[in-house]
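Here's the structure we're looking at; comments come further down.
The values are calculated or read from the model by the stated rules, or taken from the named source; none is laboratory data. Being a predicted model, the structure only gives us computed values, none of them experimental. Reconstructed Cβ throughout: ideal geometry from the backbone, glycine too, with neighbour counts over all protein chains shown. Heavy atoms of the whole protein, side chains included, go into the accessibility calculation; ligands, DNA and RNA do not. Shrake-Rupley method; radii C 1.70, N 1.55, O 1.52, S 1.80 Å.
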Amino acid sequence: RETLRMADAFELMVRGAEDVLRTGDRKRVAEVTAMDDGLDILHRAIERYLSDIDTDEADERDQRRLAQVLAFATNLEHAGDIVAKSLMALAGKKIKRKVTLSADGMTEILAMHERLLANLQLAVSIFMTGDPAAAQALLTQKRRFRDMEQAAARTHFERIRQDQPESIETSGLHLDIIRDLTRINSHLSSAAY
């Protein structure tokens with residue numbers, strides 16, 4: 001239950017990050033970054049709880065489930081770190097420099113956010129049910145997400161070739177944001193394995 005609570009907290013972070021990137025609200029950067037503290041607290045509590053379980057008395061199925069819970073919680077914690085420490089730092093740079101991503105670039109990033117949220121729901125479902133078909137679907141979505149990343153990078157470079165000022169000015173930010181989203185998705189996709 002607490003790991004599911006972590007997933008809910010992480011979802012709020014991702015939605016907050018999307019809001020920050022869309023609106024440029026400096027106050028929201030601090031709010032989203034602070035949410036990571038709650039995620040870290042939950043993760044530590046789950047680790048402590050799981051480490052107190054006597055695995056000598058647990059059967060193989062329970063030991064496997066314990067490892068799955070720990071792995072999922074750890075991946076959520078790492079994904080939260082990427083949102084808080086990297087994505088929000090990039091958003092802060094964007095706000096400080098008073099730059100705006102191109103409309104097309106922002107559309108690509110928002111589409112990646114939506115796919116990320118859908119993949120989070122799929123990962124939670126896999127965590128709860130262990131459904132092999134859902135796990136296969138998540139692995140397919142992981143590949144599609146990588147395709148989205150590559151397509152976003154290609155179209156971004158095409159905008160630069162066309163001398164679009166917004167794309168030129170925000171090139172590093174744009175590419176770093178899509179890379180961070182891909183890293184987050186990789187942590188979520190680990191639930192399929």
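Descriptive notes on the structure:
- Filtered by the rule that a residue be part of a helix (DSSP H, G or I) and either on the phi > 0 side of the Ramachandran plot or open to solvent by 10 Å² or more (accessible area, probe 1.4 Å) (or both), segment 118-131 gives ALA118, GLN121, LEU122, VAL124, SER125, ILE126, PHE127, MET128, THR129.
Table: residues versus (1) within 17 Å of LEU181 (Cα to Cα); (2) open to solvent by 30 Å² or more (accessible area, probe 1.4 Å); (3) of a type in the set (Gly, Ala, Ser).
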{"residue": "LEU12", "(1), (2), (3)": "yes, yes, no"}
{"residue": "ALA17", "(1), (2), (3)": "yes, no, yes"}
{"residue": "VAL29", "(1), (2), (3)": "yes, no, no"}
{"residue": "ARG48", "(1), (2), (3)": "no, yes, no"}
{"residue": "ASP54", "(1), (2), (3)": "no, yes, no"}
{"residue": "ALA58", "(1), (2), (3)": "no, no, yes"}
{"residue": "LEU66", "(1), (2), (3)": "no, yes, no"}
{"residue": "ALA73", "(1), (2), (3)": "no, no, yes"}
{"residue": "LEU87", "(1), (2), (3)": "yes, no, no"}
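- Hits in segment 144-169 (condition: farther than 22 Å from LEU87 by Cβ, part of a helix (DSSP H, G or I) and either open to solvent by 90 Å² or more (accessible area, probe 1.4 Å) or touching a residue at least 12 places away in the same chain (Cβ under 8 Å) (or both)): ARG161, PRO165
- Out of ASP62, ASP81, one residue alone is within 22 Å of HIS113 (Cβ to Cβ), assigned to a helix (DSSP H, G or I) and out of contact with any Leu (no Cβ under 7 Å at 6 or more places or on another chain). It is ASP81.
This table checks each residue for (1) under 16 Å from VAL14 (Cα atoms); (2) hydrophobic (A, V, I, L, M, F, W, C).
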residue	(1), (2)
GLY80	yes, no
LYS85	yes, no
ALA89	yes, yes
LYS98	no, no
LEU101	no, yes
ALA118	yes, yes
GLY130	no, no
THR155	no, no
SER167	no, no
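- Given (1) more than 18 Å from LEU120 (Cβ to Cβ); (2) assigned to a helix (DSSP H, G or I); (3) open to solvent by 50 Å² or more (accessible area, probe 1.4 Å), index of the condition THR100 fails: (2)
- Test for ILE95: is it among the β-branched types (Val, Ile, Thr), farther than 24 Å from SER190 by Cβ, open to solvent by 10 Å² or more (accessible area, probe 1.4 Å) and in a helix (DSSP H, G or I): yes
- Residue count for segment 132-143, restricted to those that are surrounded by 13 or more Cβ atoms within 10 Å (Cβ to Cβ) and charged (D, E, K, R): 1
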